[in-house]
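Each reported figure results from applying straightforward, stated rules to the coordinates on display, with no laboratory input. The structure displayed is predicted, hence computed values, not measured ones. As a convention, Cβ positions derive from the backbone with ideal geometry for all residues, glycine included, and neighbour counts pool all protein chains shown.
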Ligand SMILES: NC(=O)c1ccc[n+]([C@@H]2O[C@H](COP(=O)([O-])OP(=O)(O)OC[C@H]3O[C@@H](n4cnc5c(N)ncnc54)[C@H](OP(=O)(O)O)[C@@H]3O)[C@@H](O)[C@H]2O)c1
């Protein structure tokens with residue numbers, strides 16, 4: 001149970017009729033309210049351009065979302081929804097539409113005797129971020145008698161220039177201390193546990209360096225294709241959609257130094273230091289791929305170019321494998337291999353720490369050391385937990401080594417894990433920025449990948465349902481490694 005005090009507030013969501021709101025935000029807000037994390041006097045005000053909704057039809061939309069999420073409402077929560085959920089159209093997003101929104105917010109606050117604490121959540125297509133932020137500033141909604149917080153969904157820019165421009169626009173209207181840039185991966189329990197695992201367990205932290213670690217692998221694999229998102233995905237690709245944000249966040253959490261305290265400034269400062277220490281990424285350290293036709297579970301799968309809405313000549317990458325070198329004292333000489341892709345054989349997010357092998361094996365008469373790496377496999381989703389893999393003597397003669405695992409699973413130790421959005425929404429309401437991305441972090445990570453994006457590297461085709469192009473195997477084999485699960 002989280003005991004942080006929560007204050008009454010108004011939670012304004014732009015894009016309140018969209019998929020994110022219906023699938024993730026509404027169920028998360030309801031669950032938080034049900035657990036007493038949202039005060040009864042608080043209000044959720046949905047907005048979108050559509051004039052087709054009003055308070056009543058918006059509540060109906062909310063009930064449908066809860067039903068789809070498998071949530072059944074008790075009479076108390078139904079009453080909460082009827083008293084707390086409101087809708088306001090922002091029409092053509094003109095100044096007068098935002099003035100009307102401002103008046104509505106103030107009227108609701110007066111009714112509730114509220115102190116003027118406000119959250120503005122941009123669950124909008126990125127194209128609508130700048131105009132919305134500007135309008136909020138113009139009508140004076142970026143400041144209030146209480147606190148005001150601005151939440152910006154991903155993607156944050158599509159390159160260094162656009163991310164920088166968005167940061168500048170935000171900073172003309174809001175302070176950095178008001179900004180919550182979401183990377184929902186950071187809300188996952190398993191991702192936050194990386195910090196506890198590393199900094200509360202000295203046995204691991206004492207091994208966490210180039211003297212003991214041989215290499216690190218980070219994989220975020222998706223089994224699905226692009227679904228109906230061709231319009232967005234074909235402009236983004238795997239590098240922008242996954243590597244620049246989720247994979248880079250995981251990498252910084254694995255590689256960062258011990259922060260001086262467990263607070264947002266200290267943690268974000270250490271993450272930025274990792275990004276600054278990453279050596280420029282060379283062309284031969286990157287493999288890009290695009291899925292062609294293939295099969296999975298006995299079914300034929302169309303190739304990326306055959307997906308509805310994808311141009312015939314698209315060069316968008318659906319797979320990235322990359323070697324990243326961190327040029328600092330802790331990590332010099334330890335390759336970090338990151339990999340992500342669509343239409344891979346399974347949905348899995350995992351981090352594998354391979355420890356150095358013994359220099360010589362006394363169990364092999366040739367002296368060759370063909371023992372497996374001791375490794376720590378951290379499974380972030382699904383089947384959350386970790387395995388510590390080590391060598392054992394197999395039963396019987398002749399003497400043979402066998403890899404065994406020490407095994408921990410969240411599901412065996414804890415109640416079901418909370419949804420990432422619940423964690424992040426509660427942090428926003430309580431004003432904790434630790435799990436949100438700082439302006440400098442975003443810009444550093446775009447700076448890192450800008451040359452890769454600009455290079456127009458070859459795109460290798462891989463069969464849907466496989467672990468990506470052969471070139472990704474070659475990339476990692478150069479230094480005698482193999483990808484886990486391939
Ligand atoms: N869906 C997810 O699971 C998910 C996950 C992670 C991040 N995100 C991010 O969350 C944001 C919203 O995604 P979504 O999937 O909810 O999008 P969506 O289903 O297309 O909904 C977009 C919402 O924004 C409103 N809107 C306002 N200005 C708009 C404009 N200029 N163009 C189009 N719509 C506009 C739409 O209503 P009106 O047209 O009536 O204004 C609608 O309510 C995006 O930045 C996305 O990248 C989504």
Bins of 5 Å, starting at 0 and running to the largest distance - Cα pair percent for segment 187-234: 5, 14, 13, 19, 14, 10, 8, 9, 8, 1
Projected label distance in nm at residue 100 and residue 203, using a 7 Å step from Cα toward the beta-carbon: 6.4
Considering only the chain, percent of DSSP beta bridges that pair antiparallel, nearest 5: 55
Cα-based convex hull volume of segment 271-423 per residue, rounded to whole Å³: 245
Computed Kirkwood radius, in angstrom, where 1/r is averaged over Cα pairs of segment 54-99: 12.0
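With viscosity set to 1.567 mPa s and temperature to 4 °C, compute the Stokes-Einstein D of segment 357-445, Rh being the Kirkwood radius across alpha carbon pairs; µm²/s, no decimals.
Estimated diffusion coefficient is 74 µm²/s.
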Diffusion coefficient, µm² s⁻¹, Stokes-Einstein with Kirkwood Rh over alpha-carbon pairs of segment 408-450 at 4 °C and 1.567 mPa s: 99
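Once fully extended, how much extra length lies between residue 223 and residue 261, figured as 0.36 nm per residue of separation less the alpha-carbon to alpha-carbon distance?
9.9 nm
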Angle between the chain longest axis and helix 264-277 axis [Cα atoms, degrees, rounded to 10]: 50
Alpha carbon centroid spacing (whole Å) that separates segment 1-68 from segment 265-335: 34
Two-site label geometry, residue 277 and residue 92: point separation in nm, points 7 Å out along Cα→Cβ: 5.4
Contour minus Cα-Cα distance for residue 299 and residue 165 (0.36 nm per residue): 43.8 nm
Segment 10-153: radius of gyration and largest Cα-Cα distance (Dmax), Å: 14.4, 41
Cα-projected label distance for residue 484 with residue 73, points at 7 Å along beta-carbon direction, nm: 4.3
Folded to 0 to 90 degrees: helix 189-199 orientation relative to the chain principal axis, Cα: 60
Calculated SAXS-style log₁₀ I(q)/I(0) at q = 0.08, 0.09, 0.10, 0.13 Å⁻¹ - the chain, Debye, Cα scatterers: -0.54, -0.68, -0.84, -1.33
